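Please find one structure pasted underneath; my questions will follow.
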Amino acid sequence: MAYSKAIICLANARRPGGRCVAGKEVLKTALGGWIRPVSARPTSEVNAEERQYEPGAEPAIFDIIGIPMRTPAPNNPQTENHIIDAHSHWRKLGQFAWEDLDELSDSPASLWANGSSSFQGLNDRMPGWLATDFRNSLHLIRPDDVVIRVVTSGADFGDHRRRVRAQFVYRDTKYDFIVTDPASEEPFLARPNGEYTIGASYFCVSVTPEHTDGYSYKLVAIIIPERT
């Protein structure tokens, strides 16, 4: 049976073929858990036509969005997934106040399982079989000691695309995740490769389903700078 979910948009990140949108549910009298609207395609991405509002506007961070859904589609660790009704428009219902952002933050003991790292990363992946032990794939955290790195990580393998990565500390553990939010990447990709410090921020961090290489990867789906 069709239903709708209202979410506070906290991620609109790159995903092959489209975007990965996610946020926290707005209930009648409280805030709920994480919701990730996904398509019915095997790769789950939401394309522009599916996610844009009726006039063609792109969902923005802190938008409160009404999304028609068809069915829950949990896929450990992405238990938050719901398949959208691709024939119905999303609606902007309102705007969440930045000043209340801390109400949405999470305090996990760690960022899933640690101990495995990609070529450029640090604690940024875990074996797929281990990822399925987790029942959540999204957190909104306040990291410490953030350094943004602009790198050409695949140059040694003939891939000269520039990437933005976030190096940070969370609960005394060091991490280095790729950043997949276009709005967060843009100002850093306009600069030369290098390392850049930023002020206090919130991160929406996420973990992927198992890739063909047998790993689930952790990423930064958005960087939200604190306002002063």
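Please verify whether Y196 is in contact with a Lys or Arg (Cβ under 6 Å, 6 or more places away or on another chain), in a strand (DSSP E or B), open to solvent by less than 80 Å² (accessible area, probe 1.4 Å) and of a type outside the set (A, V, I, L, M, F, W, C), treating the condition exactly as stated.
no
Taking segment 32-73 on its own, how many of its residues are over 19 Å from V205 (Cα atoms), in a strand (DSSP E or B), modelled with pLDDT of 95 or more and open to solvent by less than 30 Å² (accessible area, probe 1.4 Å)?
The number of residues fulfilling the criteria is 5.
Here is a further query. Which residue pairs have Cβ atoms closer than 7 Å, lie 6 or more positions apart in sequence or on different chains, and pair a first residue in segment 156-170 that is without any contact (Cβ under 8 Å) to a residue 60 or more places away in the chain and outside any helix (DSSP H, G or I) with a second residue that is charged (D, E, K, R) and crowded, with 18+ Cβ neighbours inside 10 Å?
V164/E185; R165/R149; R165/D176; Q167/R149; Q167/D176
Scan segment 22-34 and tell me whether some residue there is out of contact with any Leu (no Cβ under 6 Å at 6 or more places or on another chain), of a type in the set (V, I, T) and under 29 Å from Y215 (Cα atoms).
Within segment 22-34, not a single residue is out of contact with any Leu (no Cβ under 6 Å at 6 or more places or on another chain), of a type in the set (V, I, T) and under 29 Å from Y215 (Cα atoms).
Let me ask something else. Filter segment 74-85 for residues that are more than 15 Å from the chain's Cα centre (by Cα) and in a loop (DSSP other than H, G, I, E, B); which is farthest from W129 (Cα to Cα)?
Selected residue: D85.
Filtering segment 199-211 down to residues that are under 16 Å from N75 (Cα atoms) and among the β-branched types (V, I, T), which residue is most open to solvent (accessible area, probe 1.4 Å)?
Out of the qualifying residues, it is T208.
I'd like to check something: does segment 140-154 contain any residue that is free of Cβ contacts under 8 Å to residues at least 12 places away in the same chain and either open to solvent by 40 Å² or more (accessible area, probe 1.4 Å) or assigned to a helix (DSSP H, G or I) (or both)?
Among the residues of segment 140-154, not one is free of Cβ contacts under 8 Å to residues at least 12 places away in the same chain and either open to solvent by 40 Å² or more (accessible area, probe 1.4 Å) or assigned to a helix (DSSP H, G or I) (or both), which makes the answer no.
Among the residues of segment 113-138, which ones are in contact with a Pro (Cβ under 8 Å, 6 or more places away or on another chain) and buried (at least 21 other Cβ atoms within 10 Å of the Cβ)?
The answer is A131, S137.
The values are calculated or read from the model by the stated rules, or taken from the named source; none is laboratory data. Since the structure is predicted, the reported quantities are computational estimates derived from the model, not experimental observations. Neighbour counts are summed over all protein chains in view; Cβ atoms, including those assigned to glycine, are modelled from backbone coordinates with ideal geometry. The protein model used for the area step is the full one, side chains on, heavy atoms only, and it has no ligands, DNA or RNA in it. Shrake-Rupley method; radii C 1.70, N 1.55, O 1.52, S 1.80 Å.
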